[in-house]
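Asker: Structure provided below as structure tokens; questions to follow.
The values are calculated or read from the model by the stated rules, or taken from the named source; none is laboratory data. None of the values given here were measured: they were computed from a predicted structure. As a convention, Cβ positions derive from the backbone with ideal geometry for all residues, glycine included, and neighbour counts pool all protein chains shown. Quick note on the areas: whole protein, heavy atoms, side chains included, nothing else; ligands and nucleic acids left out. Shrake-Rupley method; radii C 1.70, N 1.55, O 1.52, S 1.80 Å.
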Amino acid sequence: MNTYTRPTWDDYFMSIAKIVATRSTCERLRAGAVLVKNKRIVSTGYNGAPPGLPHCDGEKGHKMEEGHCIRTIHAEENCILQAALLGGVSTSDSTIYTTYSPCYHCFKKLVMGGVKKIVAGQIYRDSTIREECEKAGIKFMLYQPSEGWISRAEEIFKAPIEKKVATEEGQKT
């Protein structure tokens, strides 16, 4: 009996977004995002200060403006900027998987970057983001893990990495 649970594409990319979020350097919200095109990862991003600048988690703390920490670049914005930094990577007609729905400032950047679909783990602050997506021609959906995926993901991280070595006869041991 085969009990293996293969993730759907949404499970796969949202799981990666959740791992990416662990790199966040702003403890106010540890967000992660993965920008995908044709089922291939274009870029990843998390909430954090630009390279070489102080992190919120460090000595400087947060730089607050109107209730938001502006020391960090948001996860979605980081995805778009990383693609630009890599050069030659188009974000047109892409999908972004993000642990939280984008704020309006990030949403505008996603529209300009040609993102056509947003898959969010949950709504963050602005519940009108769905309507804004509809106006911009962007498909918006809340992520729902497929049946059995959460327990399978837990098993994956608890289990040791399997070691299989091919012998000279081609058998695995």
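Asker: If I measure Cβ to Cβ between cysteines in the chain, which ones have no partner under 4.7 Å?
Answerer: Lone cysteines by the Cβ rule: 69, 79, 103, 106, 133.
Asker: In whole Hz, with x marking every Gly and Pro, tabulate ³J(HN,Hα) for region 91-98 from phi via Karplus 6.51 cos²θ - 1.76 cosθ + 1.60, θ = phi - 60°.
Answerer: Karplus values, whole Hz, x for Gly and Pro: 9, 4, 6, 9, 10, 10, 9, 9.
Asker: Continuing with the same structure: Report, in degrees rounded to the nearest 10, the 0 to 90 angle that the Cα long axis of helix 149-158 makes with the longest principal axis of the chain.
Answerer: 70
Asker: Once neighbouring chains are kept in place and the probe is 1.4 Å, which whole percent of the accessible area of the chain is contributed by carbon and sulfur?
Answerer: Here it works out to 52 percent.
Asker: Here is a further query. Using the heavy atoms of the protein chains alone and a 1.4 angstrom probe, what is the accessible area of the chain per residue in square angstrom?
Answerer: Per-residue accessible area for the chain comes out at 64 Å².
Asker: Where is the GNM fluctuation largest for the chain (alpha-carbon springs, 10 angstrom cutoff): 47, 38, 78?
Answerer: Its mean-square fluctuation being the largest, the pick is 38.
Asker: Let me ask something additional. Among the GluC sites (Glu not before Pro) in region 18-80, which ones are in a DSSP loop with at most 11 other Cβ atoms within 10 Å of the Cβ? Mind listing them?
Answerer: When the GluC sites (Glu not before Pro) of region 18-80 are filtered for loop state and at most 11 Cβ neighbours within 10 Å, 59, 66 remain.
Asker: Further, regarding this structure: Compare 60, 39, 18 in a GNM of the chain, Cα atoms joined below 10 Å, and give the one with the largest fluctuation.
Answerer: Taking springs between Cα atoms under 10 Å, the residue moving most is 60.
Asker: Quick one: of 116/158; 37/109; 109/139; 37/164; 37/158; 37/63, which pairs are farther than 27 Å apart, Cα to Cα?
Answerer: 116/158; 37/164; 37/158; 37/63
Asker: Same structure, new question: To the nearest 20 debye, what is the magnitude of the charge dipole of the chain about its Cα centre, counting +1 on the Cβ of each Lys and Arg and -1 on the Cβ of each Asp and Glu?
Answerer: So the magnitude is around 220 debye.
Asker: Shifting gears a bit: By a straight-distance test (C-alpha under 16 Å), which aspartates and glutamates pair with residue 39 as possible cross-link partners, with residues fewer than eight away in the same chain excluded?
Answerer: Cα-Cα hits under 16 Å: 10, 11, 93.
Asker: Once phi is turned into ³J(HN,Hα) by the Karplus curve 6.51 cos²θ - 1.76 cosθ + 1.60 with θ = phi - 60°, what whole-Hz value does each residue of region 107-115 show in order, with x for glycine and proline?
Answerer: After applying 6.51 cos²θ - 1.76 cosθ + 1.60, I find 3, 4, 5, 5, 4, 5, x, x, 5 Hz.
Asker: For residue 62, list long-range residues whose amide hydrogen, built 1.01 Å from N in the peptide plane, is under 5 Å from its own amide hydrogen.
Answerer: none
Asker: Name the long-range amide H neighbours of residue 48: under 5 Å, sequence gap of 5 or more, or other chain; modelled H, no Pro or chain starts.
Answerer: 25, 73
Asker: Hey, what do the phi angles of region 10-22 turn into as Karplus ³J(HN,Hα) couplings, whole Hz, using 6.51/-1.76/1.60 and θ = phi - 60°, x for Gly and Pro?
Answerer: 5, 4, 4, 6, 5, 4, 5, 4, 5, 5, 4, 4, 5
Asker: Around residue 68, which amide H atoms from residues at least 5 apart in sequence, or from another chain, sit under 5 Å from its own amide H, with H modelled in the peptide plane?
Answerer: Answer set, sorted by chain and number: none.
Asker: So how tilted is helix 75-86 from the main axis of the chain? Cα-based, degrees 0 to 90, rounded to 10.
Answerer: Its long axis makes an angle of about 80 degrees.
Asker: Right, here's the next one. Given axes a ≥ b ≥ c from the Cα gyration tensor, I'd like to know whether region 9-152 is rounded (a/c under 1.5), prolate (a/b larger than b/c) or oblate.
Answerer: Rounded is the answer for region 9-152, as its axis ratio a/c remains below 1.5.
Asker: If the elastic network links every pair of Cα atoms under 10 Å, which of 136, 159, 83 fluctuates the most in the Gaussian network model of the chain?
Answerer: Of 136, 159, 83, the most mobile in the Gaussian network model is 159.
Asker: What does the helix-only formula give at 222 nm for the chain: each DSSP H stretch with n ≥ 4 adding -39500 (n - 2.57), the total divided by the residues, and the result rounded to the nearest 500 deg cm²/dmol?
Answerer: -9000 deg cm²/dmol
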